[in-house]
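Here the structure comes first, spelled out in structure tokens, and everything after it is commentary.
The values are calculated or read from the model by the stated rules, or taken from the named source; none is laboratory data. This one's a predicted model, so the numbers in the text were calculated from it and none came from an experiment. Remember, those area values only see protein heavy atoms, side chains included, never the ligands or the DNA or RNA. Shrake-Rupley method; radii C 1.70, N 1.55, O 1.52, S 1.80 Å.
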Amino acid sequence: MTAFVRNQWYVAAYAREVGREPLGRTLLDEPILLYRTEDGRPVALSDRCVHRRYPLSQAPSRLVGDRIQCGYHGFTYGTDGACTYVPGQQRIPRTARLTAYPVVEQDSFVWVWIGDGEPGDLLPPRAPWLDSPEYTVVSGMEPIDCDYGLLVDNLLDLSHETYLHGGYIGTPEVAETPITTTVDEEAGVVYVSRHMDDAECPPFYANSTGIQGRITRWQDIEYHAPCLYLLHSRVAPVGSPPPNADGTDPQAFHVEVVYAITPSTGKHTYDFWAVARDFALDDQEVTEFLHKNNHTVVMQDVDALNVLQKALDTEKPGYQELSINIDTGGLAARRLLARMAQ
């Protein structure tokens, strides 16, 4: 099992998921309750009443103003986790307190700090396209019954697109084109790039951009260990000029693919996915097409990783993997995660 990296920010939910109905999520084996106060502030508390461990996210537990009331015996807690009411007595036990987790709402995500103490000045990594008026976004979340490290491997080796996602985003050139991998050890970021100068245009891009014929296709990955994966995707008709020196790139289409990778338990992972585009912003047909197709691609990964985890669970101790050049990004991420977990 890939070791958990604590003292880090993790995505617990999309901002749109957190409201006045209690929501339960499990992050790094810790059950967490999410809700919003009456003035809209997100709150994250441990999701077990201190009395008999009833889940506070489950009915008939409910919000009373900004406080959460246990639906089993009525213990009630404030947003700081302190118990404010105990049935049948005036004295509130000193230990009647829930863990209150630091929360940041940023880039359409609700991030929760998992670990000891406070995060101080450390903020979650950014995905600014997700709430930018210059992009249109489709998104979702799928649970996967696998070790979160398997999802990291999957996303850092995009050669699997050729085989697993053929007919959607995969073409032969993705598997055939070499990659470059670099690691910023201090920042905890793995970079993997694959630039295809002359590639087949897969349906995902042909049907959304209107490009006919072959394309220049760039895939530039940033993996901010342990929690956020960014894929900067650039496509343009073959022969189009490269980006300008000032960074503008009017001849190309850009898609920012975002995955928040949140381990729930040792063999259960939340896969938050989003696709932001800078073209056809108001075209509802394009939006619906990209949502449907990307959801299909995500589910192909989900199915494959569920199968892979079951297969690994049956392997004898000491089995050996074979790694090749396409695995350099994933192997770098494994080393980085192992070091951070220590």
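Annotations
- Residues located in the stretch 212-239, provided they are open to solvent by less than 40 Å² (accessible area, probe 1.4 Å) and assigned to a loop (DSSP other than H, G, I, E, B): Ala225, Pro226, Cys227
- Residues of the stretch 286-325 satisfying the condition of being assigned to a helix (DSSP H, G or I) and farther than 27 Å from Met141 by Cα: Asn325
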